[in-house]
Amino acid sequence: MTSPITGPLAPGLHRLYIPAVCLLISFQGYYSQYLFNTEPDLAPGPLTRRETITFNTLLLCLWYTYYRACTVDPGRYIFSPSSEFSSSTGADPDLRPTSSLLSSQRRPRRFCKKCSAPKPLRAHHCRHCGRCIPKMDHHCPWTGNCVSMQTFPYFLRFLVYTNVSLWYLARLLWQRVAGIWASRKLPAYLGPSVHGLVGVTVLGLANMGTMVALGILLITTVKAWVWNCTMIEEWEVERHEAVLARLGGDDEQGEEDPFWGDDTAALRARLEKIEFPYDLGVWKNMSQAMGTRNVLRWFLPFGGGGPVVDNSNPGKGAGWEWEENGFNDLPGMWPPPDPEKMRREARGGWPAAVASQQQPRTLLDQCQTAEEIKEAFRRRQEEDLRRRQKYQALERKGIIEELEEVPGKTSGEGEWIGEPAWTNSEGERLWDYGVDEGADEEDMPLAELMRRRKVSTHRKYD
């Protein structure tokens, strides 16, 4: 199976993606010119000087933009040892909200278990790149790179020049097809050779298929550009709307929606409508994504550039902070809570978490002596190590069946086993966009909380 967005779904083929793209570009770009210039009976004849210069200029821009889309670093976050960065608003991460709105919608404190670092807003851990990517859109196998804050302008330029080149080639092919059709009643020896007919046919089919696939991808990318909403965030918006649609609804038989089960009251009390906060208007959205307000630089293949993550002051600047439209009462409320995680928490979590259910999630708050703090820290380290080994083993096998068990299934002792991950209307999961779903964690590890409390205490008495 193949998707124009995420590419072939079969594992182990990533080494063939980029060579396949290069081969396809070379075939359509250069074999077509060879065919048009060497086939004498293929009307309207060889390419003119203007057509040759135009086509090869487009190919040069295509090759360069593809090279940049493949080689530009998607961005990385560098945390200083003294950084107190929090993915919420920079406030004390140990403070709990007191207002009714905040109590029902806890401020996110996202933490990446794979990077062992806080996860900034709009960042996701890519399972291919092995790190958290700023404003990750998706991991594109055709470029072997993530489409992110830093690579989006180059990826967009590549799509633009690729589609323009395909359209120009389609025009040249249409002229030859029209010439063949015009001479269809002539004797065969007066028309193009078999090689010419086969060549035009194969080029036409390849051009049409590539143009449709990349046209869809260009439309999707431009939509994300104009609305300032990545493919991952669009997936989150659809999930949030699907959850809200079930908030007050019953099924067709008039019974309560089985999606909520016995946790209806507790889950619905924590779910509220959250507007997508990063849509700032068409002009701001487009300027922010391209890193400049100069329209002339947006589509320059050789000097366009793009935004870069500012690591000079972790937690501040480009890639760390994102302007919001103010439709929500508070900043930093996106992404909305995951109802599957909420339900697992209400029912005791996964089997591994049920075993440690007696231990509170905030062990540090109940530790009084230094020995208790050390013991809690040791236990949490062991739990983190076991979870990390578990996910690494699943990655090596290339399967995640343990996270996809039958909904509502219980063990013989009545222990809750798990829920399947939510999929959108296309049947896609975050995993399909390259996101490492096992790396995200809502609550920070105990070691991180201890470090922040220690830093906060020192600053208070300094």
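The values are calculated or read from the model by the stated rules, or taken from the named source; none is laboratory data. What you see is a predicted model; the values in this text were computed from it and never measured. Neighbour counts are summed over all protein chains in view; Cβ atoms, including those assigned to glycine, are modelled from backbone coordinates with ideal geometry.
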Inspect the range 13-22 for any residue being modelled with pLDDT under 90 and under 23 Å from residue 149 (Cβ atoms) and give the result as yes or no. yes
Would the range 124-143 turn up any residue that is modelled with pLDDT of 90 or more, part of a helix (DSSP H, G or I) and not hydrophobic (A, V, I, L, M, F, W, C)? no
Quick one: residue 155 ticks every box in (1) crowded, with 22+ Cβ neighbours inside 10 Å; (2) at pLDDT 95 or above; (3) more than 23 Å from residue 234 (Cβ to Cβ) except a single one, so which number is it? (3)
Which of the helices (runs of 4 or more DSSP H) found entirely inside the range 228-303 contain at least 2 residues meeting this: among the aliphatic types (A, V, I, L, M) and at pLDDT 80 or above? 231-245, 282-290, 295-298
Got at least one residue in the range 60-74 being in contact with a Leu (Cβ under 7 Å, 6 or more places away or on another chain) and at pLDDT 95 or above? no
If we keep just the residues of the range 33-43 that are surrounded by fewer than 13 Cβ atoms within 10 Å (Cβ to Cβ) and more than 42 Å from the chain's Cα centre (by Cα), which is farthest from residue 207 (Cα to Cα)? 40
Residues to consider are 160, 164, 200, 212; find the one that is at pLDDT 95 or above, buried (at least 16 other Cβ atoms within 10 Å of the Cβ) and either assigned by TED's automatic domain parsing to the domain that holds residue 68 or not in a helix (DSSP H, G or I) (or both). 160
